[in-house]
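*Asks:* Pasting in a structure now, in structure tokens, and then I'll have a few things to ask.
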Amino acid sequence: MEKPLIKELQEFLIARCDEININEGSPQFKQADAEVDRLYDELKALLSEESQKILLRFNDRHCERMAAAANAVYQKGFAEGLQFIVYLLIS
């Protein structure tokens, strides 16, 4: 049987997962992000106006997809990890 404290803590933490800024703690992420932006700008400059619109839509959808996937995985893993820690503490 699941203990109420675990469920309440899990809901509290999941609600706050979006407040964490990955940029703060990862120089590797910052480097990769800057390189992606540079390559995107370089490619965009080589394309026609119509192709730039397609590239922009592609980039928007790709970013949405990656954000949704990362958010789901992070929330599940973070919640499960904390649930395990709390379980060990109150067992």
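*Asks:* So which pairs qualify, if the first residue must be in the range 27-39 and on the phi < 0 side of the Ramachandran plot, the second must be surrounded by 11 or more Cβ atoms within 10 Å (Cβ to Cβ), the Cβ gap must be under 8 Å, and the two must be at least 6 apart or on different chains?
*Replies:* Listed by first residue and then by second, the contacts come to 29/22.
*Asks:* Could you tell me which numbered condition residue 29 fails, if it satisfies all but one of (1) surrounded by 12 or more Cβ atoms within 10 Å (Cβ to Cβ); (2) at pLDDT 90 or above?
*Replies:* The one condition residue 29 does not meet is (2).
*Asks:* Also: Select from the range 1-26 the residues that are of a type in the set (A, V, I, L, M) and not in a helix (DSSP H, G or I) and write down the one among them that is modelled with the highest pLDDT. Steps first, please.
*Replies:* The first filter runs over the range 1-26 and keeps only residues of a type in the set (A, V, I, L, M), leaving 1, 5-6, 9, 13-15, 20, 22.
Add one more test, that the residue is not in a helix (DSSP H, G or I), and what stays is 1, 20.
Details: 1: 47, 20: 65.
Here the answer is 20.
The values are calculated or read from the model by the stated rules, or taken from the named source; none is laboratory data. Since this is a predicted model, take the numbers as computed values, not measurements. Every residue, glycine as well, gets a Cβ built from its backbone with ideal geometry; the counts of neighbours run over all protein chains shown.
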